Amino acid sequence: MLIPFFFMLRDGGMNTSITELLTLLEAMKRGVAGTSVDDFYYLSRAALVKDESQLDRFDRVFAAYFRGVEGSLGDLFQEVPDDWLRGQAELLLPEEERARIESLGSFDELMKALRERLEEQDDRHEGGSKWIGTAGTSPFGAFGYNPEGVRIGQHGSRHRSAVKVWDRREYRNLDDSVELGTRNIKVALRRLRKFAREGAADQLDLEDTIDKTARNAGLLDIRMVPERHNAVKVLLCLDIGGSMDDHVRICEELFSAASSEFKHLEYFYFHNFIYESLWKDNRRRHAERVSTLDITHKYGSDYKLVFVGDATMSPYEIVYAGGSVEHWNEEPGAVWIKRLLNTYHKSIWLNPEPRERWDFTPSIKLTREIMDDRMFPLTISGLDEGIKALH
Amino acid sequence: MFPVRSTDPGTDMTDTRFTGTSTYVATDDLMMAVSAAVTLERPILVKGEPGTGKTQLALEVAKALDKPLFEWHIKSTTKAQQGLYEYDAVARLRDSQLGDDRVHDIANYIRKGKIWEAFASDEQPVLLIDEIDKADIEFPNDLLRELDRMEFYVYETRQLVAAKHRPLIVITSNNEKELPDAFLRRCFFHYIKFPDQDTMAQIVDVHYPQLKKTLLSEALNAFYKIREVPGLKKKPSTSELLDWIKLLLAEDIPPEALRSDDRRTAIPPLYGALLKNEQDVHLFERLVFLDRGAGHQ
């Protein structure tokens, strides 16, 4: 009976394997789960789901499968739009009540009322009619209150038994559906490793020991060396805000991968283009800025410089003094970036925009020229190319 | 009538079921994941916010099932091999120069790691591999066969070490690195989600049974309110709540002082135990200050 469920999970975008299914079957055979559906839910979740970002997907497929609703999986994986939720509120609440609630002026109140309504509706469903997709209401009927309901639900735990655990979908905000895991990025970044020996000598240097022992007429003379560490130094400059908002996710991933991979990682933020100062804390970007010249003085030329930005802006922002959108810059951005490039000979620009679009944006063309064509797309293969250019 | 065999899997369920302990509250799903791991003798991987009791789980499972516990704490420099054994070649070389008799037996220089110790245990042990994500990215891959077959080969002594009893392996991860698929497939998985207010009340009750009901509910309210403050870098977690309550008790703070309806006392006392980051403290103080300002208008 579990085979259709297994395939439904896979259709639902989970990469559950046969081994895991067999584990589940074995556990059931050994009687771990008993007979209740709740037990089975917990057991199958522990056996089949291996990452918290997949929990919500699992809950949705589980709900769909065990309510006997199949074939509507495509719809299941769309986001629940807020508009729909508000629409649902209008559907469910009579005119005067809605006016009353709105006069209270609280969206939370509205949501609370909505939730109560939906719960009533849930009871009716348990009475026998179909759970999803009846009589023209949205197929998300039972899911509807979840985006807000998760939070509201904390106050109403007396309803615990009424709502099935997998229907509560508590893991909703953990589902990230990122294509590019940090693991891939880290594996790519490892190519940038440059090993050097520094620190305490705690490893046997075999060659030197043999050499010294031989010179010592066979009397042992042990030689130690420090362990090899990754000694590559990276200076990361990230474009933040504005058009970069679309790429926040991938930049965060790159950043988290880089910060755990490199011991000597310095990062700074800029907006659109490099000018006379950068900053480290985006919340205090106007108060605490670091002069670009100070950076070139502080961090030696052995640092490898990596820009991350979409380089999409008005060309004036690059070539004209005063072109910056945020402040009056005495010297054009192109001058500042050249100062950086003169200090750091190994440098690349990673661009989250797809390569096909680069030719259509003049500012990207300009930036590429300044960078001597060392611009690479922010993908795994682009990262690989970029790292080669850094060597 | 068929005779009921003593090895019938259905009958030995009672002693492998983990139901929490007097000092640890386990939710239904956690119990199920642990029971499955115990019954099938597979590793269980536990993830969750820091401070939700991941490491504690292994200690409590060992206590509840009355099994010996072996702890292997992983650091960034830990190698998989160190969990199995290490061959101290330098010591042997030195001994050979000094003419020590021990030098003739290579086994004298093999140092057992935590996994070997657990494999050699006379009864089924619990093995905790703590914070596996701290190690190098290939670390879990290097342990696949050992965790699967529960055996490994010692090349120096040409000896196959197999587990006397397959240990119950509890692995914790803080998500600093993603774990490889092949490794994940061999484990049961449990994500400790942040406890809701009811579960939290149970947890506090287990640790401080004499706590006054009023103080508890006021403390929990204040605690969840702080957790909901947007933009905190590190939200306070269970272990911080427990520390805070300990402080409240030590300072004998009355429950009324925690009530935040009154805007003037909106900062809970001793909140330093909950917020561990100076930026969070600043943010929190600023929010309270704004709130107060609004209250006076």
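Give the residues of region B:185-205 that are more than 8 Å from every other protein chain (Cβ to nearest Cβ) and aromatic (Phe, Trp, Tyr), sorted by residue number. If you could, list the steps in order and put the result at the bottom.
From region B:185-205, those more than 8 Å from every other protein chain (Cβ to nearest Cβ) are B:192, B:194-195, B:199-205; that's our starting set.
Listed by number, the list holds a single entry, B:Phe194.
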* Starting from region B:207-236, keep only residues that are among the acidic types (Asp, Glu), then list their pairs with residues that are surrounded by fewer than 17 Cβ atoms within 10 Å (Cβ to Cβ) whose Cβ atoms are within a distance under 6 Å, requiring at least 6 positions of separation or different chains. => B:Glu218/B:Pro255; B:Glu218/B:Arg259
* Count of region B:162-206 residues which are of a type outside the set (Lys, Arg) and free of Cβ contacts under 8 Å to residues at least 60 places away in the same chain -> 16
* Asked: Can A:Glu52 be described as among the acidic types (Asp, Glu) and closer than 19 Å to A:Phe7 by Cα?
  -> no
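Test of understanding: among A:Arg283, A:Arg223, which residue is charged (D, E, K, R), surrounded by 14 or more Cβ atoms within 10 Å (Cβ to Cβ) and without any contact (Cβ under 8 Å) to a residue 24 or more places away in the chain?
Working: A:Arg283 fails: surrounded by 14 or more Cβ atoms within 10 Å (Cβ to Cβ).
Of the residues listed, the single one that is charged (D, E, K, R), surrounded by 14 or more Cβ atoms within 10 Å (Cβ to Cβ) and without any contact (Cβ under 8 Å) to a residue 24 or more places away in the chain is A:Arg223.
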* Asked: Taking region A:286-322 only, how many residues are surrounded by fewer than 17 Cβ atoms within 10 Å (Cβ to Cβ), under 20 Å from A:Thr367 (Cα atoms) and not hydrophobic (A, V, I, L, M, F, W, C)?
  -> 5
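Within region A:306-336, can you find the residues that are within 29 Å of the chain's Cα centre (by Cα) and either farther than 30 Å from A:Val232 by Cβ or not polar (S, T, N, Q) (or both)? Spell out how you get there, then give the answer.
Here is the first cut: in region A:306-336, the ones within 29 Å of the chain's Cα centre (by Cα) are A:306-314, A:325-326.
Passing the criteria: A:Val306, A:Phe307, A:Val308, A:Gly309, A:Asp310, A:Ala311, A:Met313, A:Ser314, A:Val325, A:Glu326.
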* Among the residues listed as B:Lys114, B:Lys164, the single one being surrounded by fewer than 19 Cβ atoms within 10 Å (Cβ to Cβ), farther than 23 Å from A:Asn15 by Cβ and touching a Phe, Trp or Tyr at 6+ places or on another chain (Cβ under 6 Å) -> B:Lys114
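Residues are listed down the side, and each one gets a yes or a no for (1) within 7 Å of chain B (Cβ to nearest Cβ); (2) in a loop (DSSP other than H, G, I, E, B); (3) closer than 24 Å to B:Ala182 by Cβ; (4) modelled with pLDDT of 85 or more:
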| residue | (1), (2), (3), (4) |
| --- | --- |
| A:Phe6 | no, no, yes, yes |
| A:Arg10 | no, no, yes, yes |
| A:Thr19 | yes, no, yes, yes |
| A:Thr23 | yes, no, yes, yes |
| A:Gly31 | yes, yes, no, no |
| A:Gly34 | no, yes, no, no |
| A:Leu43 | yes, no, yes, yes |
| A:Ala46 | yes, no, yes, yes |
* Within region A:349-361, is even one residue among the hydroxyl-bearing types (Ser, Thr, Tyr), more than 22 Å from A:His286 (Cβ to Cβ) and part of a loop (DSSP other than H, G, I, E, B)? -> yes
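Just checking, which of A:Arg197, A:Arg183 is at pLDDT below 80, at the interface with chain B (Cβ under 9 Å from one of its Cβ atoms) and either surrounded by 14 or more Cβ atoms within 10 Å (Cβ to Cβ) or more than 30 Å from A:Ile380 (Cβ to Cβ) (or both)? Before you say what the answer is, go through the steps one by one.
Working: A:Arg197 fails: at the interface with chain B (Cβ under 9 Å from one of its Cβ atoms).
From the options A:Arg197, A:Arg183, the qualifying one is A:Arg183.
Would you confirm, using the coordinates I've provided, whether B:Asn174 is under 17 Å from the mean Cα position of the chain (by Cα) and not aliphatic (A, V, I, L, M)? Quick ask: steps written out before the conclusion?
On the way: under 17 Å from the mean Cα position of the chain (by Cα): yes; not aliphatic (A, V, I, L, M): yes.
Taking the combined requirement at face value, the residue satisfies it.
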* For region A:242-250, does any single residue satisfy the condition of being over 30 Å from B:Asp133 (Cβ atoms) and under 19 Å from the mean Cα position of the chain (by Cα)? -> yes
* Do we find that B:Leu232 is surrounded by 15 or more Cβ atoms within 10 Å (Cβ to Cβ), over 24 Å from B:Val126 (Cα atoms) and at pLDDT 85 or above in this structure? -> no
* **Whichever residue in region B:87-101 is surrounded by fewer than 15 Cβ atoms within 10 Å (Cβ to Cβ) and under 29 Å from B:Met150 (Cβ atoms) and, among such residues, is farthest from the other protein chains (Cβ to nearest Cβ)** => B:Asp88
* Which numbered condition B:Gly53 fails, given (1) surrounded by 18 or more Cβ atoms within 10 Å (Cβ to Cβ); (2) away from chain A (no Cβ under 14 Å); (3) more than 11 Å from the chain's Cα centre (by Cα) -> (3)
* To do: Would you check which residues across region B:37-47 are closer than 19 Å to B:Lys193 by Cα and within 7 Å of another protein chain (Cβ to nearest Cβ) and list them?
  => B:Lys47
* Asked: Is it the case that A:Leu55 is at negative phi, more than 7 Å from every other protein chain (Cβ to nearest Cβ) and assigned to a helix (DSSP H, G or I)?
  -> no
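This table checks each residue for (1) touching a helix residue (DSSP H, G or I) at 6+ places or on another chain (Cβ under 8 Å); (2) surrounded by fewer than 20 Cβ atoms within 10 Å (Cβ to Cβ); (3) more than 12 Å from chain A (Cβ to nearest Cβ); (4) closer than 24 Å to B:Ser35 by Cβ.
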position: B:Gln81; (1), (2), (3), (4): yes, yes, yes, no
position: B:Asp105; (1), (2), (3), (4): no, yes, yes, no
position: B:Leu143; (1), (2), (3), (4): yes, no, yes, yes
position: B:Asp148; (1), (2), (3), (4): no, yes, no, yes
position: B:Phe152; (1), (2), (3), (4): yes, no, yes, no
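The values are calculated or read from the model by the stated rules, or taken from the named source; none is laboratory data. Small disclaimer: the values here were computed from a predicted structure and weren't measured. Here the Cβ is made from the backbone with ideal geometry for all residues, glycine too, and neighbour counts use every protein chain on show.
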